[in-house]
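In what follows, a single structure is set out as structure tokens and then discussed.
The values are calculated or read from the model by the stated rules, or taken from the named source; none is laboratory data. Keep in mind that this is a model prediction, so the values were computed, not measured. Cβ coordinates were reconstructed from backbone atoms using ideal geometry, including for glycine residues, and neighbour counts include every protein chain displayed.
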Amino acid sequence: MVLEIIFATLLFIKLLIMKLFKQILILFTVALFFWACGASPINNNATEKEAPVVIANERLEYEIIIIDIGFTSFLNSMAKPEGYYSQNYLESRNRAWVLEWNNRARNLSQFDANIYENIVDYQSTVDYGYDVNYKLFNYFLFAQQKYKMNLGGGFRANRIN
């Protein structure tokens, strides 16, 4: 009888210890989950530097320099490869977007002067070549995404490319 009481007591203690270990294990797992999902500190001591993108056609003596941070990365990672679009397609998009861009650049009281700093001199009668049209097209896509704007032109809003 005494042996049964001791055995029952030991069994009860064992069950309490197992329950305690189970709770500690659950607590440890939850703590580990939150620690793993937590944000790590970001060291932003270095300023972000990016080489400007030059859009040029030497034959026409035409050059645009884009120094908007993130455009080089966009051009290398998000933009469709050169040759994906026809030059006619790029020119039609650029004509529409240049018109809207220039309208906004002329009305800085209604639009952000930090975005629309310059008027784009793009003439529909001039053949700027594929490279100029490709990079200008992709800059307009990039600007619409970065600044959350829509240049319209009858084209789908919020498009990536």
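Tabulated results
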| item | result |
| --- | --- |
| Filtered residues of segment 84-106 (kept if assigned to a loop (DSSP other than H, G, I, E, B) and in contact (Cβ under 8 Å) with a residue 24 or more places away in the chain) | TYR85 |
| Qualifying residue in segment 53-68 (condition: at pLDDT 70 or above and hydroxyl-bearing (Ser, Thr, Tyr)) | yes |
| Filter pass, ARG93 being surrounded by 10 or more Cβ atoms within 10 Å (Cβ to Cβ), under 19 Å from TYR147 (Cα atoms) and under 24 Å from the mean Cα position of the chain (by Cα) | yes |
| Any hit, segment 27-46, residues being closer than 30 Å to VAL98 by Cβ, hydrophobic (A, V, I, L, M, F, W, C) and either modelled with pLDDT under 80 or loosely packed, with under 10 Cβ neighbours inside 10 Å (or both) | no |
